Amino acid sequence: MVLRPKGRLKGFSLLELMAVVGIILIVAAIAVPNITRAIRTSRIRGTAVEYANLLQNTRVRAINDDRFYSVYVQPPAGGNSAIAYADVYPMALNGTSGLGPPPAGHYNPGPPSDPMTPLSFGVLPQPVAAAPDVAALNAAFCVSCTPDLILNIAPTWGPDGMPCLSKASLDGTGTVCNSSGGPVAYVTYFQSTVSRQWSAVTVSPAGRVKTWHHEANGGGWSPQ
């Protein structure tokens, strides 16, 4: 029997390996920015959804407790992200609740603790003066509202489950809803400090809570 020499194993050449690495780098250069943008978009949209959920839960709590509750945002501190919370505790016998708005007031860790939700890192509330296409958003969620009806302050729910402007009663013993009369609406704007993207949460005079996302390059506001 004649033994034939085995063929030599053939590997990849340096040129082929360099070509493969080049293709991987090109794909990564295209994919990584898209993935990063998707993550940032998810964060700001998620913040709007969680904030809207907190508003809904606060509304139910106001009805059940027969009180007025406001939702505030506590700025980030000590390496922690900002938080949104319903100013519930402590509850006074005269009907007032909570510790008031920051910076004088703050989230009450309890027990019992205020209902809260953390905001994503790098996502912060912004004033209406800085927000894009304000008139378009106002018309989209409350076409019959005049600009002075839509408030860019802490949303407040009354014991009837309707958005209201909580004020001290005339006798100073508690709080009342809309002591100046008339319905109110709310809008809260959020912006990513990294991607500069915008989201918003609106409350119509009828109490409907809705989340929105702003598309750049002329896309405008659209429901999430």
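Computed from the coordinates by the stated procedures, all read-outs in this text should not be read as laboratory data. Small disclaimer: the values here were computed from a predicted structure and weren't measured. All Cβ positions, even for glycine, are placed from backbone atoms using ideal geometry, and neighbour counts span all protein chains on display.
Here is how the numbers come out for the structure above:
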{"read-out": "Net length gained if the chain between Ser144 and Gln224 were fully extended (0.36 nm per residue, minus Cα distance)", "value": "26.6 nm"}
{"read-out": "Net lengthening on full extension, Ala19/Asn53 (0.36 nm per residue, minus Cα-Cα)", "value": "7.2 nm"}
{"read-out": "Rounded, prolate or oblate (a/c below 1.5 giving rounded, otherwise prolate when a/b exceeds b/c) for segment 43-120 by Cα gyration tensor", "value": "oblate"}
{"read-out": "Cα gyration tensor category, rounded, prolate or oblate, for segment 70-156 with a/c compared to 1.5", "value": "oblate"}
{"read-out": "Shape of segment 98-224, Cα gyration tensor, a/c cut at 1.5", "value": "oblate"}
{"read-out": "Nearest-0.05 FRET efficiency for Leu93 and Ala216, computed from C-beta distance (R0 35 Å)", "value": "0.10"}
